[in-house]
Amino acid sequence: MRAAVVTSHRPDDILAALEITDVAERDLSPGWARVHMRAASLNMHDVWTLRGVGQDPAVLPLILGCDGAGVTDDGREVMILPVIADADRGAGDETLDPKRALLSERHDGTFAEVLHVPERCLIDKPAHLSFAEAACVPVAWGTAYRMLRRAGLGPGQSLLVQGATGGVNSAAIALGAAMGARVWATSRTADKRATALDLGASAAFESGEKLPERVDVVVDNVGAATWRHSLRCLKPGGAVVTCGATTGGNVDAELHRIFFQQLSIIGSTGCTRAELVELGRLMEQAELRPLIDREITLSQLPEAITDMADGAIEGKVVITDFSA
Ligand SMILES: NC(=O)c1ccc[n+]([C@@H]2O[C@H](COP(=O)([O-])OP(=O)(O)OC[C@H]3O[C@@H](n4cnc5c(N)ncnc54)[C@H](OP(=O)(O)O)[C@@H]3O)[C@@H](O)[C@H]2O)c1
């Protein structure tokens, strides 16, 4: 089968770490299911993997990709929960299992014609979504959904999303609006700020711009470039929720501001199976659809990976043809 394989870690030249090639399908483990992939979307996680962040090189070669949707051997249309974990080890929450792994970290990922996953990772595809749209949901939307839940966002509250058109951020804007919050976003370009309004934000600002008023919750996965601004945008008692640090993770903690303004800093990673099921229902009820930048063939992956690393994508890039 055709697959995109990570062969090494190359922080300086990520495309040299990637090979699009034919690989033999492994034997199916007991309790695991075979999924014929119809679509798989890119995430920043794929760029980190090629750079060697958070992965032991001893596990290579492995198939890249952590987001996807497809059809099981018995014809079930599914999206894939990417977290391989034991909920019992996480006291009922698989994202808290100390041994959890995202697809492509220790197990073959979604950028292949066929994927093997534990049965519990199969979630019915929301009926209103195409396979390409469903392939955008588990990582980007699942992560955004858990972030907003962990921050306790509710109707009538105000939310700022730092960055507008990234996978997680575009989802956070749409979900925040669907949850009844007033959503503002920042972005580096006028085009992306216009897209933020289309996604459900009621106003969009330049990155770092002073806001008309402070907000209850800030979503920040940009990190070093926006963290200082995020802390200053919060009302007393507000919360900033982070799931990533695209521009760097070493920021000034500003402890005086945190205790004096009684701010909360909330970390969040991925989502549980139950949250993904709940999210699918919410997206169906509110008719929410992921923003897709473009659909590509597997052989067009290197160009898309470069665009992702350069921040030149609006929404998600989705592989929908694995044979070419
Ligand atoms: N912990 C988890 O479970 C989890 C899950 C998913 C993602 N993540 C992390 O979250 C981050 C985003 O992932 P993604 O897949 O959504 O990536 P993405 O699609 O590439 O989005 C990147 C976002 O960051 C913003 N950005 C990048 N550089 C910026 C800068 N210098 N100044 C201001 N904004 C900047 C972009 O805003 P513009 O609109 O201005 O381009 C865009 O919204 C990554 O670090 C990823 O590893 C973590």
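The values are calculated or read from the model by the stated rules, or taken from the named source; none is laboratory data. The shown structure was predicted, so the numbers you read here are calculated from the model rather than taken from an experiment. Cβ atoms come from the backbone with ideal geometry, glycine included; neighbour counts cover every protein chain shown. Ligands, DNA and RNA are excluded from the accessible area calculation, which covers all protein heavy atoms including side chains. Shrake-Rupley method; radii C 1.70, N 1.55, O 1.52, S 1.80 Å.
His256 meets the conditions (1) in a strand (DSSP E or B); (2) open to solvent by 50 Å² or more (accessible area, probe 1.4 Å) in every case but one. The failed one is (1).
Which residue is nearest to the ligand (Cβ to nearest atom), if the candidates are limited to the range 147-186 and must be among the polar types (S, T, N, Q) and surrounded by fewer than 24 Cβ atoms within 10 Å (Cβ to Cβ)?
Applying the first criterion (among the polar types (S, T, N, Q)) to the range 147-186 yields 157-158, 162, 165, 169-170, 186.
Still in the list and also surrounded by fewer than 24 Cβ atoms within 10 Å (Cβ to Cβ): 157-158.
On the way: Gln157: 21, Ser158: 19 Å.
Among those residues, the one meeting the criterion is Ser158.
As a summary of the residue check, Ser268 satisfies the conditions (1) out of contact with any Leu (no Cβ under 8 Å at 6 or more places or on another chain); (2) closer than 24 Å to Cys121 by Cβ; (3) more than 11 Å from the ligand (Cβ to nearest atom) except for the one numbered (3).
Each residue in the range 36-90 was checked for being among the acidic types (Asp, Glu) and within 14 Å of the ligand (Cβ to nearest atom), and 2 of them qualify. Arg89: in contact (Cβ under 8 Å) with a residue 24 or more places away in the chain, charged (D, E, K, R), out of contact with any Leu (no Cβ under 7 Å at 6 or more places or on another chain) and outside the structural domain of Gly223 (by TED's automatic domain parsing), yes or no? It is false that Arg89 is in contact (Cβ under 8 Å) with a residue 24 or more places away in the chain, charged (D, E, K, R), out of contact with any Leu (no Cβ under 7 Å at 6 or more places or on another chain) and outside the structural domain of Gly223 (by TED's automatic domain parsing). Residues that are near the ligand (Cβ under 9 Å from one of its atoms) and either free of Cβ contacts under 8 Å to residues at least 40 places away in the same chain or among the charged types (D, E, K, R) (or both) within the range 193-208 comprise Arg193, Ala196, Gly208, listed in sequence order.
Inclusion of Leu282 among residues that are open to solvent by less than 70 Å² (accessible area, probe 1.4 Å), in the same structural domain as Leu42 (by TED's automatic domain parsing) and over 26 Å from Leu211 (Cα atoms) is not warranted. State all residues of the range 9-50 that are of a type outside the set (A, V, I, L, M), over 23 Å from Thr269 (Cα atoms) and open to solvent by less than 40 Å² (accessible area, probe 1.4 Å); if no residue qualifies, say none. Correct list: Thr21 only.
Can Ile296 be described as in contact with a strand residue (DSSP E or B) (Cβ under 9 Å, 6 or more places away or on another chain), farther than 29 Å from Glu206 by Cβ, more than 11 Å from the ligand (Cβ to nearest atom) and of a type outside the set (Phe, Trp, Tyr)?
Numbers: in contact with a strand residue (DSSP E or B) (Cβ under 9 Å, 6 or more places away or on another chain): yes; farther than 29 Å from Glu206 by Cβ: yes; more than 11 Å from the ligand (Cβ to nearest atom): yes; of a type outside the set (Phe, Trp, Tyr): yes.
Considered against the rule, which asks whether it is in contact with a strand residue (DSSP E or B) (Cβ under 9 Å, 6 or more places away or on another chain), farther than 29 Å from Glu206 by Cβ, more than 11 Å from the ligand (Cβ to nearest atom) and of a type outside the set (Phe, Trp, Tyr), Ile296 comes out as yes.
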